[in-house]
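Trainee: Take this structure, written in structure tokens, and hold onto it; I'll ask about it next.
The values are calculated or read from the model by the stated rules, or taken from the named source; none is laboratory data. Keep in mind that what you see is a predicted model, and the values were worked out from it rather than measured. Cβ sites come from the backbone with ideal geometry, for glycine too, and all protein chains shown count toward neighbours. Side chains included, ligands, DNA and RNA excluded: accessible areas come from the protein's heavy atoms. Shrake-Rupley method; radii C 1.70, N 1.55, O 1.52, S 1.80 Å.
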Amino acid sequence: VATVVSGAELARQIHKEVQSDIAKLVAEGNRRPHLSVILVGDDHASHTYVRNKTRTASLLGMSSSTIFRPSSVSQEEMLELIDKFNRDRNISGLLVQLPLPEKDVDGFHIVNIGKLCLDQRCMIPATAAAVWEIIRRTGLETVGKNVLVVGRSKNVGMPIAMLLHSDRKHERSGGDATVIMAHRCTPLPRLKELARLADIVIAAAGVPHLITADMVKEGAAVIDVGINRMQDPVTGKSRLVGDVDFEAVKEKAGFITPVPGGVGPMTIAMLQANTLVTEEKKIVEWAETRLCLLLASGSGS
Ligand code: NAD
């Protein structure tokens, strides 16, 4: 039976580290890191995400502010706002939350993604950073291992694959794994074959129960990024499930992350860690192009 890797527990560790780093920073006479959020539209889940992020920020000793805009906001106004925030030296981190919560793409500036792809030091997009930290803090070996990433989106699947396949000796250290990416055109029988070869399966497709026990190698690590809202057929209540058939896969895998309580809380923790990094290293240069990309990326991947 797999060890259930608690993202919530790992997130608490990171929170403690960030909190103590902030306390040190402020004690040394530096200003307090500040996270600004532009929240677009009235999507309930987006509002919840933003509330969780800003609440966590304040618990860790960061200040934060949220600016609300209707979903009818023009691209021009958004770009102006972002530009203004980028120039504001009192703001360490900026997060744009659009109506679709899954399009949350912290660290998604074209220059930043370019650096990520060239193994240069950069801001790691929060969800990819969450997966990376889960692997590191669980002590999973990646060098020379087979990794299957299911999903190739530019904000989740791609950066995860980028981190794991690249060279650990480069400026931005990678996992040195043999990485295979699957996507919506990968036939299910092929996906099964590939999954069975994998030492680590990372599921980021947004398809409930895509990864079943017959696809998982005995003892493999299974990291479930998916967040899917499903109606319980008996109670009629809606609940969150991942992309992995958790109960069955747990019996076969060596390590597994649950949904909720796995990658989700780690993503929020890594966002806070990213905000601190920008404050310390002054890498506030994203946002503008990333918004253009976002607005242009309505199509599927
Ligand atoms: P997306 O819709 O942009 O991308 C989904 C990817 O999965 C695409 O590349 C697509 O080709 C692939 N795919 C779809 N069906 C497939 C199939 N049957 N077999 C193999 N590949 C398939 O979504 P995204 O933004 O990458 O997010 C993926 C999932 O992760 C979603 O469920 C989202 O809610 C979740 N998510 C979670 C967090 C978190 O913090 N835990 C953060 C971001 C996204």
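Trainee: Segment 193-253: which trypsin sites (Lys or Arg not before Pro) are DSSP loop and have at most 14 other beta-carbon atoms within 10 angstrom?
Mentor: The qualifying sites are K237.
Trainee: When DSSP beta bridges are limited to those with both residues in the chain, what percentage is antiparallel, rounded to the nearest 5?
Mentor: Around 10 percent antiparallel, to the nearest 5.
Trainee: Another question, if that's okay. For the chain, with every protein chain kept in place, what is the accessible area per residue (1.4 Å probe, Å²)?
Mentor: 46 Å²
Trainee: Between R31 and R168, what FRET efficiency follows from the Cβ-Cβ distance if R0 is 35 Å, with the result rounded to 0.05?
Mentor: 0.50
Trainee: For the chain, with a Gaussian network of springs between Cα atoms less than 10 Å apart, report the residue from P33, P260, P187 with the top mean-square fluctuation.
Mentor: P187
Trainee: Rounded if a/c is under 1.5, else prolate if a/b is larger than b/c, else oblate: which is segment 147-200, with a ≥ b ≥ c the root eigenvalues of its Cα gyration tensor?
Mentor: oblate
Trainee: Looking at the square roots a ≥ b ≥ c of the eigenvalues of the Cα gyration tensor of segment 1-116, which shape do they give, rounded for a/c under 1.5, prolate if a/b is larger than b/c, or oblate?
Mentor: Judged from the Cα gyration tensor, segment 1-116 comes out oblate (a/c at least 1.5, b/c at or above a/b).
Trainee: Taking 25 Å as R0, compute the FRET efficiency from the Cβ-Cβ separation of R136 and Q19 and round it to 0.05.
Mentor: Efficiency for this residue pair is about 0.80.
Trainee: Once phi is turned into ³J(HN,Hα) by the Karplus curve 6.51 cos²θ - 1.76 cosθ + 1.60 with θ = phi - 60°, what whole-Hz value does each residue of segment 194-209 show in order, with x for glycine and proline?
Mentor: 5, 5, 5, 7, 7, 7, 10, 10, 10, 9, 9, 10, x, 10, x, 6
Trainee: Determine the relative contact order of the chain: mean sequence separation of Cα pairs under 8 Å and six or more apart, normalised by residue count, in whole percent.
Mentor: Answer for the chain is 24 percent.
Trainee: Work out the count of Lys pairs in segment 125-260 where the Cα-Cα distance is under 25 Å, with the pair 8 or more places apart or on different chains.
Mentor: 14
Trainee: Using 0.36 nm per residue, how much length does the chain from V207 to L79 gain when fully extended, once their Cα-Cα distance is taken away?
Mentor: 42.8 nm
Trainee: In addition: For the chain, modelled as a Gaussian network with Cα springs under 10 Å, which listed residue fluctuates most, G139, G114, G157?
Mentor: Answer for the Gaussian network model of the chain: G139.
Trainee: Just to check I understand the Karplus step: with θ = phi - 60° and J = 6.51 cos²θ - 1.76 cosθ + 1.60, what whole-Hz values come out for segment 42-51, glycine and proline as x?
Mentor: These are the phi-based 3J(HN,Hα) values: 10, 4, 4, 4, 4, 5, 5, 4, 5, 4 Hz.
Trainee: Please identify which residues in segment 127-149 have an amide N closer than 14 Å to a label point set 7 Å out from the Cα of T3, following the Cα→Cβ vector.
Mentor: From segment 127-149, the list is 134-142.
Trainee: Pick from S74, S173, S64: which is most flexible by mean-square fluctuation in a GNM of the chain where alpha carbon atoms under 10 Å apart are linked?
Mentor: Ranking S74, S173, S64 by mean-square fluctuation puts S74 first.
Trainee: Roughly what % antiparallel, to the nearest 5, for the DSSP beta bridges in segment 125-260?
Mentor: 20 percent
Trainee: Cα centroid distance between segment 144-178 and segment 1-26, in Å?
Mentor: 23 Å
Trainee: Please compute the modelled spin-label separation between V143 and Q120, points set 7 Å along Cα→Cβ, answer in nm with one decimal.
Mentor: Simple spin-label model gives 2.7 nm for this pair.
Trainee: Can you give the FRET efficiency for V111 and T235, using 1/(1 + (r/R0)^6), R0 = 30 Å, r = Cβ-Cβ distance, to the nearest 0.05?
Mentor: Working from the Cβ atoms, E equals 0.05.
Trainee: Positive end of the dipole of the chain, charges at C-beta (+1 Lys, Arg; -1 Asp, Glu), about the Cα centre: which of L81, T54, C185 has its Cα farthest in that direction?
Mentor: Value computed over the given set: T54.
Trainee: What is the spin-label model distance, in nm, from D42 to R55 if the labels are put 7 Å beyond Cα along the C-beta direction?
Mentor: For the pair D42/R55, the computed spacing is 2.2 nm.
Trainee: Please state the charge dipole magnitude for segment 125-260, taken about the Cα centre, from unit charges on C-beta atoms (+1 on K and R, -1 on D and E), reported in debye and rounded to the nearest 20.
Mentor: That gives a dipole near 300 debye.
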